[in-house]
1. Report, by residue number, each residue of segment 32-85 that is more than 28 Å from Phe3 (Cβ to Cβ), aliphatic (A, V, I, L, M) and either outside any loop (DSSP other than H, G, I, E, B) or at pLDDT 80 or above (or both).
2. I need every pair where a residue in segment 30-44 that is surrounded by fewer than 10 Cβ atoms within 10 Å (Cβ to Cβ) has its Cβ under 8 Å from the Cβ of a residue that is at pLDDT 60 or above and outside any strand (DSSP E or B), sequence separation at least 6 or different chains.
3. Could you please find all residues in segment 64-116 being touching a Lys or Arg at 6+ places or on another chain (Cβ under 9 Å) and among the acidic types (Asp, Glu)?
Amino acid sequence: MHFKLIIVFVDDDKTDLVLNTARQAGAKGATVINHARGEGMKQSKTFFGLTLEAQRDVLLLLVEEHLSRFILEKIAAVAQFDDEPGTGIAFQIDVEDAIGVRHQVNALTKEIEDTL
């Protein structure tokens, strides 16, 4: 089974919404890294050296490759990445190998066989 890693940078107030949407779309779990900071085309506003931007979270989702684009599109829609600038980004990268995902593989195999 082949996997993709979906990486999502999202405002922390949308983290739960994105996680729930990803799970409903087929993701089996995620790792959340809190309090990330990023800049888009416009530089962050500061006040006496403190950044006034909202904190972001980084979500890492290891998903089966056939589900990855569907999950990515659902995340983008619910988080409004293409509608409002600065709301976040999501992208996927190939995963050459993964260890520790046997339970996910078993669950995914059953789901894919039921679908086909």
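1. Within segment 32-85, Leu50 is the sole residue that qualifies.
2. Note: pairs meeting the criteria are His35/Asp12; His35/Gln55; Met41/Pro85; Lys42/Gly86.
3. Glu64, Glu65, Asp94
The values are calculated or read from the model by the stated rules, or taken from the named source; none is laboratory data. The model shown is predicted, which means the values in this text are computed figures rather than measured ones. We place every Cβ from the backbone using ideal geometry, glycine too, and count neighbours over all the protein chains shown.
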